[in-house]
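Each reported figure results from applying straightforward, stated rules to the coordinates on display, with no laboratory input. Just so it is clear, the structure is predicted and the values come from calculations on it, not from any experiment. Cβ sites come from the backbone with ideal geometry, for glycine too, and all protein chains shown count toward neighbours.
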Amino acid sequence: TPLAGGVQPLSQSFVGSSGFAVAVSKEYASSLIDLNAVRQAINNYSFTITISGPFGISDSVTYRFSFTSGPTLTFQNGGIAISGTVSASGNKWWSPNGAVSFTQLVTLVLDIPTQTITPATVGSPNVDQSWFIPHDLAVNVVSAQIQNALNANKQAVSSAFDNARAML
């Protein structure tokens, strides 16, 4: 029996006769996505909604986001899903509190000419939000903050795979 963490045998070819594959552990792949950067960026986000009523009466509410669960990584076919739930708390006693839940699929993309690997999102995030939070706002915040975290980790991901390729 192979040692834990050692080279594991394959019983089925999946790369063809002229290819090769590199595998990384779940733990290592998880370390390449900076969930703390996603958490910090979303926790620092706020937005303001102005509510207009009759007779020209209006008031503004500023909401701050704060994670109540996640973000977490789930490995699935086609990529790694980043998901979480964020509370939206208003600064007025009368303002409703709400939440935003999201899942964004992330994958690794190979640029064949340069042989570099970078993390990338797959499509738009799946977002469910409370009734008073504009859907486009929730999607844009989640998309932008996950993209920022991926951009911050591009060099680390690329270097990790460059080092692995150099050792082959």
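Summary table
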quantity	calculated
Alpha carbon centroid spacing (whole Å) that separates the stretch 37-51 from the stretch 65-138	13 Å
Among 55-63, 107-115, the order from most to least packed when residues are scored by Cβ within 10 Å on average	55-63, 107-115
Simple spin-label estimate for F67 and T114 in nanometres, 7 Å along Cα-Cβ	2.9 nm
